[in-house]
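Report on one structure; see the data block that follows.
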Amino acid sequence: MNWRGKLNKYLASAYKNWIISKRNIFTVFELFFWPMISLLSIGLLTRFLKVDEGMGSFLLVGAIALTILQVAQIDVAYVLLFDMWSKSIKNTFIAPVHSYHLVFGALLFGILRGSVVFLILVVVSRYLFGFNFLAGGPVPVIIFLAGVFATAAVIGIAVCISILTFGQKADVAAWSLSGLILLFSGIYYPIDVLPASLQVVARAIPLTYFLEYYRSVFIPEPHNLAVGALLAAFYLIAGLILFDRAIERARRTGIMLRLSE
């Protein structure tokens with residue numbers, strides 16, 4: 001197959017999300033309403049508590065990271081969520097595509113939406129709270145966003161695997177997994193405040209390292225960016241392998257047919 005045919009397999013997944021999203025009014029809430037609510041609530045909290053510039057940057061970086069993560073991961077999860085809700089999962093796998101076509105195609109659309117949200121929040125945080133998210137230059141921003149999007153892809157893959165394993169009850173994972181990331185990865189507080197056993201969990205999450213890396217631009221502290229990048233790559237590869245196995249198992253056990261009409 002030529003490169004154009006391979007590219008079309010990725011773009012088909014992105015185009016599917018685009019078609020469904022543009023017909024869904026709630027997409028507006030995902031892009032503008034909830035991100036703004038999240039940023040404004042944290043920004044106003046920093047004003048109320050009269051925190052210093054360093055602590056303000058710590059909290060606002062976390063708020064922006066969490067918002068982008070939630071937007072991008074739900075786009076990857078939509079690979080199967082939309083099909084499950086419309087009972088048409090089997091139609092997705094009739095086409096000659098693999099898990100990585102579905103995931104990276106949907107992630108492409110998630111990166112596009114997440115980037116729009118990021119730009120909006122950067123402008124708002126600059127003019128309302130005086131926080132310059134781009135103070136460190138473009139390279140740290142690109143590295144940071146790459147880590148957020150990679151973590152989002154891993155969460156989305158986990159949701160897809162859960163759907164093919166547990167059926168319709170698994171759709172709650174689309175929203176609960178990002179909540180667990182919020183709890184363990186140090187979005188609003190350093191992971192040092194967690195009990196020692198939970199710090200081990202936090203150190204197994206790639207986003208933890210990317211947050212530490214980007215916060216070091218504003219609050220000079222040591223970080224282990226390489227560890228975060230290796231973890232993200234490992235989880236992506238392992239997730240895609242498990243996704244393919246979940247697809248095959250769903251075909252054998254009949255779950256795919258039960259989730260379709």
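The values are calculated or read from the model by the stated rules, or taken from the named source; none is laboratory data. Worth saying up front: this structure is predicted, and the values here are computed from it rather than measured. Using ideal geometry, Cβ is built from the backbone for each residue, glycine included, and neighbour counts are taken over all protein chains shown.
Of the residues making up the stretch 176-186, those that are surrounded by fewer than 22 Cβ atoms within 10 Å (Cβ to Cβ), in contact (Cβ under 8 Å) with a residue 24 or more places away in the chain and within 21 Å of Met55 (Cβ to Cβ) number 2. Within the stretch 159-171, one or more residues are in a helix (DSSP H, G or I), without any contact (Cβ under 8 Å) to a residue 60 or more places away in the chain and either touching a helix residue (DSSP H, G or I) at 6+ places or on another chain (Cβ under 6 Å) or under 30 Å from Val51 (Cβ atoms) (or both).
Which of the residues belonging to the stretch 173-217 are of a type in the set (Gly, Ala, Ser) and out of contact with any Asp or Glu (no Cβ under 8 Å at 6 or more places or on another chain)?
If we filter the stretch 173-217 for residues that are of a type in the set (Gly, Ala, Ser), which is where we start, we get 173-174, 176, 178-179, 185-186, 196-197, 202, 204, 216.
Once the filter is applied, which keeps residues that are of a type in the set (Gly, Ala, Ser) and out of contact with any Asp or Glu (no Cβ under 8 Å at 6 or more places or on another chain), the stretch 173-217 yields Ala173, Ala174, Ser176, Ser178, Gly179, Ser185, Ala196, Ser197, Ala202, Ala204, Ser216.
Can you tell which of Phe118, Phe82, Phe93 is among the aromatic types (Phe, Trp, Tyr) and within 15 Å of the chain's Cα centre (by Cα)?
Numbers: Phe82 fails: within 15 Å of the chain's Cα centre (by Cα); Phe93 fails: within 15 Å of the chain's Cα centre (by Cα).
Matching residue, one of Phe118, Phe82, Phe93: Phe118.
Residues in the stretch 43-54: is at least one surrounded by 14 or more Cβ atoms within 10 Å (Cβ to Cβ), assigned to a helix (DSSP H, G or I) and of a type in the set (D, E, K, R)? No - not one qualifying residue is present in the stretch 43-54. Identify, please: which residue in the stretch 114-130 is buried (at least 21 other Cβ atoms within 10 Å of the Cβ) and not aliphatic (A, V, I, L, M) and is, among those, farthest from Ala158 (Cα to Cα)? Filtering the stretch 114-130 for residues that are buried (at least 21 other Cβ atoms within 10 Å of the Cβ) and not aliphatic (A, V, I, L, M), the one farthest from Ala158 (Cα to Cα) comes out as Ser125. Only one of the listed residues (Phe234, Phe243) is touching a residue at least 40 places away in the same chain (Cβ under 8 Å), in a helix (DSSP H, G or I), aromatic (Phe, Trp, Tyr) and under 27 Å from Gly105 (Cβ atoms). That residue is Phe243.
Only residues that are surrounded by fewer than 16 Cβ atoms within 10 Å (Cβ to Cβ) and outside any helix (DSSP H, G or I) were counted across the stretch 191-224, and they come to 8.
Check Ala153, Ala202, Ala250 and return the single one that is modelled with pLDDT of 90 or more, touching a helix residue (DSSP H, G or I) at 6+ places or on another chain (Cβ under 8 Å) and closer than 26 Å to Ile89 by Cβ.
Details: Ala202 fails: closer than 26 Å to Ile89 by Cβ; Ala250 fails: modelled with pLDDT of 90 or more.
From the options Ala153, Ala202, Ala250, the qualifying one is Ala153.
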